[in-house]
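Undergrad: Questions regarding the structure given below will be posed in turn.
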Amino acid sequence: MSTPIGGSSSHYFTPTQLSRINAAMRGEDESPFKSVPASQDGPQDVIIMRAPGEGGLTQSMDPRQLPAQLAEKGVEIQEELDTVGVTARVDPKTAEKLEKEGFLVFDNRPRDLWPGLPKVQMDLDSSDFSMPLVDPVALTKADHLHQQGITGKGQVVAVLDSGFDHPKFNLLAWQDVVDGSPRPIDPVGHGTHVVGDVLATAPDAKIVAVRVMDEKGQGRPSDIIRGLQWAIQNKEKYDIEVINMSLGAGPDGRPDREDPINRAVEMATRHGITVVAAGGNSGPDIRTLGSPADSASALTVGATLDRQKVSDFSSRGPTDDGLIKPDIMAPGEFIVSWSVPGSEMEQTGKTVQALRNMSGEQLKALLSAKPQLIQGLGLPRDILRRSPEEIAKAVKSGLPPVYIPEEGLVAAPGTSFAAPLVAGIVAGLEQAKDLEPRTLKEILRNTADPMPGFAAHEQGKGFVDAQEALEQVRKHS
C-alpha cells in the first residue's frame with residue numbers, strides 16, 4: 001500500500017520537531033503537536049482507485065462504477081472523490097486483496113503536510129550569524145513586469161495550504177475542507193506566508209485560500225484532493241486561473257498517473273488552471289521529488305539562494321517516471337512575508353532568533369536546563385562537554401535560517417516560498433494574455449536562465465526570468 005506524502009526528515013526540521021523545540025523554549029513539558037503513528041495493525045484510512053487504462057486517465061474505468069464494485073466486495077465507502085476514487089477503511093489483508101484484483105490502494109491517514117524548514121548549514125564565523133537580505137522580486141525580474149503594469153490585476157490565485165490570517169488583506173473567497181471554519185484561520189502560519197509571496201510578484205492579484213492542513217500542520221491526501229476539486233468546481237465562479245501547492249511529498253515508486261493527488265492535479269490542468277507545486281526540501285539527494293511535485297502536469301519549482309546557487313535542500317529529480325524535474329527555479333532562502341501572531345511559524349522565528357542572539361555561556365546553561373533541546377536541535381550528545389564557543393557554533397550553524405525582520409513579518413527558507421513567487425508571475429503572464437496551462441509552462445521553461453554547474457535534474461531548465469517570459473507571451477499567437 002503506497003504512502004503518497006512523506007519523505008526523509010534528516011534534511012529538515014519537521015513541524016512536530018519545531019513545535020517541540022518551541023514548547024521547550026516556552027517551558028512547557030510537551031508540544032501540542034503529536035506525531036502520527038507510522039503504522040497500525042487494524043483498519044486503515046485509504047484512498048482506493050482503479051488503475052488507468054492503456055490510453056491514460058481518459059481511458060480509465062468510469063470512477064462512478066467504483067463504489068458499486070467495492071460495495072460488492074464488502075468495502076464501506078466513506079467519501080467519493082469525484083474523478084479520482086473513493087475513501088474507505090480497510091484492514092491490510094483487504095488492501096492487499098484489492099491490489100491483487102487491480103485496484104490501487106493508498107494510505108490516507110493524517111500526516112505532516114507543512115514541509116517544515118530546511119536544516120541549512122550556514123558557513124559563518126561563530127561571531128557573525130547575521131542574515132543576508134534577498135530581493136526575490138528583483139531576482140525573478142518581476143519588477144520589470146510591475147513597471148509595465150503587469151501586476152496580476154484581474155487574476156485569481158487559489159492557495160491550497162494551512163489557511164490564511166491577515167487583518168489588512170481581504171480574500172476573494174475562503175474554503176476550509178478540514179474543519180469547515182466559516183472564517184479564515186491559520187494556526188500554522190505557513191499559508192499566510194505563501195499568500196504574501198504570491199502578492200510579492202503579483203501585488204494586484206486576488207486570492208482564494210483553501211485550507212487543507214489542520215492546526216498541527218497535518219492532513220490527509222484526500223484533503224488535498226478535495227481542495228483541488230473545490231477549486232475546479234469553483235473555477236468559473238471565481239475565475240481561478242492559478243493554483244499554488246506549497247506542500248511536499250517523498251517519492252512513492254508509483255507512476256504519475258497512478259497517484260491520486262496527481263490525478264486531481266491533471267484534472268485541474270485540463271480545466272485550464274495552471275498548478276504550481278513546490279519541489280520539496282529533501283535535497284541534495286537525487287530522486288527526492290514526490291506528489292504533487294512529480295506530476296507531469298504541474299509546474300514544479302525548486303529553490304535557490306540567488307541566480308547562481310541551487311539550495312542544497314531543494315529536492316532533485318528525476319521523478320519515478322523518469323521526468324526531469326523540477327521545471328524551473330526561484331528564490332527560496334531568506335524569503336520575507338507575512339507572519340501570523342502566535343502561529344507555529346512565528347514562534348519558530350522568535351525561538352530561532354532568541355537562540356541566535358545568545359552567547360555560548362547562555363546556550364550552555366539553556367541546554368543544561370532543557371536537555372530535550374539537544375535532541376530537538378539535532379546536536380551531538382556530548383555537546384555540554386564542549387567549550388561555550390564550540391557550543392555556540394554548533395547550535396547557530398545548524399539552526400534553520402529563520403528570523404523576524406520586524407513585527408508582523410517572518411523570513412524563512414524552503415521551496416514552499418519559491419513556488420508562490422512563480423505562481424504570482426504566472427498570474428501576471430495571464431493578465432498579459434490568456435494562455436493554456438501547458439503553453440504557459442513551456443514558455444516559463446524555455447525562457448528560464450540555465451544555472452552553470454548544476455545538472456538538469458537539479459535545476460530543470462534554470463532560473464525563472466519573468467521579463468523574458470512576458471516577451472514570449474506577447475509574441476505568442
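Undergrad: Can you spot a residue in the stretch 158-165 that is of a type in the set (Ser, Thr, Tyr) and either modelled with pLDDT of 95 or more or surrounded by 14 or more Cβ atoms within 10 Å (Cβ to Cβ) (or both)?
TA: Checking the stretch 158-165: at least one residue is of a type in the set (Ser, Thr, Tyr) and either modelled with pLDDT of 95 or more or surrounded by 14 or more Cβ atoms within 10 Å (Cβ to Cβ) (or both).
Undergrad: Working carefully through the options 149, 191, find the one that is touching a helix residue (DSSP H, G or I) at 6+ places or on another chain (Cβ under 9 Å) and not charged (D, E, K, R).
TA: That would be 149, the only listed residue that is touching a helix residue (DSSP H, G or I) at 6+ places or on another chain (Cβ under 9 Å) and not charged (D, E, K, R).
Undergrad: Between a first residue in the stretch 149-178 that is more than 21 Å from residue 278 (Cα to Cα) and not assigned by TED's automatic domain parsing to the domain that holds residue 224 and a second residue that is modelled with pLDDT of 95 or more and in a loop (DSSP other than H, G, I, E, B), which pairs have beta carbons less than 8 Å apart while being 6 or more apart in sequence or on different chains?
TA: Filtered contacts from the stretch 149-178: no entries.
Undergrad: Given the structure, is residue 89 more than 30 Å from residue 314 (Cα to Cα), at pLDDT below 90 and not assigned by TED's automatic domain parsing to the domain that holds residue 253?
TA: no
Undergrad: Residue check, residue 379 against (1) under 19 Å from residue 20 (Cα atoms); (2) part of a helix (DSSP H, G or I); (3) among the aliphatic types (A, V, I, L, M), all met but one. Which one?
TA: Condition not satisfied by residue 379: (2).
Undergrad: Quick one: in the stretch 177-218, of everything that is surrounded by 23 or more Cβ atoms within 10 Å (Cβ to Cβ) and on the phi > 0 side of the Ramachandran plot, which residue is modelled with the lowest pLDDT?
TA: 217
Undergrad: Can you tell me which of (1) part of a helix (DSSP H, G or I); (2) of a type in the set (Gly, Ala, Ser); (3) surrounded by 15 or more Cβ atoms within 10 Å (Cβ to Cβ); (4) out of contact with any Ser or Thr (no Cβ under 6 Å at 6 or more places or on another chain) is the one residue 337 doesn't meet?
TA: Status for residue 337: all satisfied but (1).
Undergrad: A follow-up question, please. Which one of these does residue 115 not meet: (1) out of contact with any helix residue (DSSP H, G or I) (no Cβ under 7 Å at 6 or more places or on another chain); (2) on the phi < 0 side of the Ramachandran plot?
TA: (1)
Undergrad: Going through the stretch 264-289 one residue at a time, which ones are among the β-branched types (Val, Ile, Thr) and either more than 16 Å from residue 441 (Cβ to Cβ) or without any contact (Cβ under 8 Å) to a residue 60 or more places away in the chain (or both)?
TA: Selection gives 265, 286, 288.
Undergrad: When the stretch 202-250 is examined, which residues are found to be among the aromatic types (Phe, Trp, Tyr) and within 18 Å of residue 78 (Cβ to Cβ)?
TA: 230
Undergrad: Take the conditions in contact with a strand residue (DSSP E or B) (Cβ under 7 Å, 6 or more places away or on another chain) and of a type in the set (A, V, I, L, M) and apply them to residue 188. Does it pass?
TA: no
Undergrad: Say we look at the stretch 284-300 and pick out the residues that are of a type in the set (A, V, I, L, M) and closer than 18 Å to residue 268 by Cα; which of these is nearest to the chain's Cα centre (by Cα)?
TA: 293
Undergrad: I need every pair where a residue in the stretch 437-462 that is assigned by TED's automatic domain parsing to the domain that holds residue 244 has its Cβ under 6 Å from the Cβ of a residue that is of a type in the set (S, T, N, Q) and modelled with pLDDT of 95 or more, sequence separation at least 6 or different chains.
TA: 437/269; 437/274; 440/274; 443/472; 447/472; 451/459
The values are calculated or read from the model by the stated rules, or taken from the named source; none is laboratory data. None of the values given here were measured: they were computed from a predicted structure. Note that we place each Cβ from the backbone using ideal geometry, even for glycine, and neighbour counts take in every protein chain shown.
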